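Everything below concerns the one structure shown next.
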Amino acid sequence: MPSMELLDDSRARNLTLAAIGAVNRRDLPWASGVVRTLASDDQATMVAIDACAAILLRGIPCGSLDPAARIAVTVPGAPPEESAVDAASALLSGLACADNGRVVSVLMALAQGQAYAVLDVLVRAAAGWVDAYVGIDGDTVDSYYAISKAT
């Protein structure tokens with residue numbers, strides 16, 4: 001698994017993309033380990049959320065949705081914890097609606113131990129989006145192959 005000592009923002013973003021690529025390549029144990037690494041550091045968690053949100057909210061400008069809107073999160077594979085799916089949905093909805101209260105409440109929950117479960121949902125949902133709409137995304141697959149072979 002990747003070393004925590006070198007986990008700056010750029011490395012955290014690359015690891016997030018690699019985890020997404022790993023899910024798409026069906027290397028779920030490796031992806032899970034990377035998500036654990038990202039979830040163990042607050043700054044890396046924020047970078048991972050940003051990278052996943054950029055994929056999942058592509059084409060939805062921040063603040064463009066009605067505050068009552070709720071973005072559904074679909075996760076391929078084994079069903080995750082319902083609370084993690086709800087938190088991921090609230091986070092994405094809050095970002096899309098520019099509802100800072102919703103975003104902050106989810107971030108507070110992440111700080112209380114839900115970071116892994118919510119990041120796992122976001123990474124798997126982003127992988128599903130890439131698989132459904134792009135096929136194979138070169139950045140995520142390239143990151144996966146480059147990083148997984150180096151660790």
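Numbers below:
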read-out	value
Dipole axis of the stretch 4-150 (+1 Lys, Arg; -1 Asp, Glu on Cβ), positive-most option in 118, 7, 32	32
Likely footprinting exposure, 97, 62, 52, fewest C-beta neighbours within 10 Å first	62, 97, 52
Given charges at beta-carbon only (K, R positive; D, E negative), |dipole| of the stretch 4-150 in Debye	240
The stretch 4-150: relative contact order as a whole-number percent, Cα under 8 Å and 6+ apart	38
Two-decimal Rg to Rh for the stretch 4-150 - Kirkwood Rh, Cα set	0.95
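None of the figures in this text is laboratory data; all of them are computed from the coordinates on show. Keep in mind that what you see is a predicted model, and the values were worked out from it rather than measured. Cβ atoms come from the backbone with ideal geometry, glycine included; neighbour counts cover every protein chain shown.
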